[in-house]
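Undergrad: Attaching a single structure in structure tokens format; questions to follow.
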Amino acid sequence: MNTAGLFIHYLSDWTQRQSFLETRRCIEGRVRLERENNRQERLVMSILPQFLVLEMIGDMAVMEDYLLPQQLHKIYIHHYKDVSILFADIIGFTSLSLILSAQDLVKTLNELFGRFDRLAEDHQCLRIKILGDCYYCVSGVPEPQRGHARCCVEMGLSMINTIRYQSSVANTEVDMRIGVHSGSVLCGVLGLQKWQFDIWSWDVDVANSLEAAGVPGQVHISKATLDCLGGIYETEAGHGQDRSEFLRKHNIDTYLVRPASKEDYMVLSGVVAMVTCAVFLRLSCVLQLAVLLLFAALYTYIIKNYRYKFHSGHVPVFLCKGVENKMWSPLLSSGLITCAGMESVLFLC
């Protein structure tokens with residue numbers, strides 16, 4: 001009797017163990033499959049915009065079994081109005097390719113374009129593609145952006161600051177030529193294989209011509225973009241028609257975003273610093289903390305909304321004494337300041 005009971009218990013325990021192991025293998029397989037699907041989805045979204053990938057996945061999910069993916073004849077093209085297009089080209093790339101080896105040149109471009117991608121994300125711009133040393137993006141796609149023109153102009157100014165910092169570090173003579181135009185675009189993918197997201201329209205050709213006829217180190221904009229900006233930037237005549245047959249043929253007026261001098265910003269920073277210190281010394285501890293927070297918010301607002309007025313590479317930052325030098329690294333890498341602009345730092349306290 002005991003022997004029979006032990007045998008039955010052994011069989012029951014063995015069955016439960018087998019069931020547990022089978023369930024475990026099934027769960028592990030499902031987790032691996034889900035992890036792999038997420039990895040492939042991230043890979044696809046690094047090539048195509050997320051909104052387009054989700055639309056394609058939804059359409060493929062409802063396809064009949066006998067319909068091959070190559071037979072998907074739907075055209076994924078969308079029309080967007082009220083957008084701004086930015087074209088940027090590296091000046092001095094040819095001479096740079098003669099100085100650096102192929103490996104160093106590719107590494108430099110990868111670091112530079114990687115910074116541009118982060119800037120595009122910060123300024124609500126969607127990078128379209130990179131063509132050699134040409135980088136172009138659009139603002140207002142896929143989500144409507146009321147300040148699309150300003151996003152592109154800010155993006156252009158940040159790109160100029162970034163490449164000047166890169167040039168100072170690498171001791172090379174490179175700069176950026178930026179062209180920005182506002183209008184409408186068609187965007188999507190064409191063909192059945194090796195999809196590439198791109199934009200098409202007459203306004204895209206105008207933006208490309210603005211870049212080609214631009215001035216190194218400045219943002220070259222059209223009258224359409226100037227109207228969208230609403231006068232928040234100081235501009236001067238760009239004379240783009242003198243350098244481009246396309247702009248002259250279509251009678252497109254162009255303008256250059258004019259940065260203010262370093263001294264103008266230093267005066268503004270000095271006034272804010274003096275007023276804050278004067279108020280700070282006359283208040284109690286609690287009120288001092290409140291004033292410091294208010295000052296931090298005010299200064300952040302000034303940097304965010306009036307950075308376009310300041311000369312490239314000379315954006316001062318308020319710091320307290322004793323701040324470690326490593327604190328400058330994020331600011332330098334973001335393009336807010338450059339090595340040349342370090343001289344304009346004001347130390348308080």
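Undergrad: For segment 129-147, give me each residue that is open to solvent by 30 Å² or more (accessible area, probe 1.4 Å) and outside any loop (DSSP other than H, G, I, E, B).
TA: Listed by number, the residues that qualify are LYS129, ILE130, LEU131.
Residues checked against (1) touching a strand residue (DSSP E or B) at 6+ places or on another chain (Cβ under 6 Å); (2) at pLDDT 75 or above; (3) open to solvent by 70 Å² or more (accessible area, probe 1.4 Å); (4) closer than 30 Å to SER184 by Cα:
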position	(1), (2), (3), (4)
ALA4	no, no, no, no
GLY29	no, yes, no, no
ARG35	no, yes, yes, no
PRO49	no, yes, no, yes
VAL62	no, no, yes, no
LEU68	no, no, yes, no
PHE93	no, yes, no, no
LEU100	no, yes, no, no
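Undergrad: Still on this model: So in segment 209-247, with the set limited to residues that are assigned to a loop (DSSP other than H, G, I, E, B) and of a type in the set (A, V, I, L, M, F, W, C), which one is surrounded by the fewest Cβ atoms within 10 Å (Cβ to Cβ)?
TA: ILE232
Undergrad: Any residue that is open to solvent by less than 30 Å² (accessible area, probe 1.4 Å) and assigned to a loop (DSSP other than H, G, I, E, B) - is there at least one of those in segment 104-115?
TA: Within segment 104-115, none of the residues are open to solvent by less than 30 Å² (accessible area, probe 1.4 Å) and assigned to a loop (DSSP other than H, G, I, E, B).
Undergrad: Also, quick follow-up: Against the definition (more than 26 Å from ILE75 (Cβ to Cβ), of a type outside the set (Gly, Ala, Ser) and crowded, with 18+ Cβ neighbours inside 10 Å), how does ASN171 come out, yes or no?
TA: When the stated conditions are applied, ASN171 does not pass them.
Undergrad: While we're here: Need the failing condition index for LEU190 against (1) surrounded by fewer than 21 Cβ atoms within 10 Å (Cβ to Cβ); (2) within 22 Å of the chain's Cα centre (by Cα); (3) in a loop (DSSP other than H, G, I, E, B), just the number.
TA: Result: LEU190 passes all but (2).
Undergrad: Return yes or no: is THR162 over 22 Å from HIS250 (Cβ atoms), under 13 Å from the mean Cα position of the chain (by Cα) and in the same structural domain as VAL83 (by the TED database)?
TA: yes
Undergrad: Is it the case that ARG150 is over 10 Å from the mean Cα position of the chain (by Cα) and open to solvent by 10 Å² or more (accessible area, probe 1.4 Å)?
TA: For ARG150, the condition - over 10 Å from the mean Cα position of the chain (by Cα) and open to solvent by 10 Å² or more (accessible area, probe 1.4 Å) - is met.
The values are calculated or read from the model by the stated rules, or taken from the named source; none is laboratory data. Just so it is clear, the structure is predicted and the values come from calculations on it, not from any experiment. Using ideal geometry, Cβ is built from the backbone for each residue, glycine included, and neighbour counts are taken over all protein chains shown. In case anyone asks, the SASA skips ligands and DNA or RNA and just uses the protein heavy atoms, side chains included. Shrake-Rupley method; radii C 1.70, N 1.55, O 1.52, S 1.80 Å.
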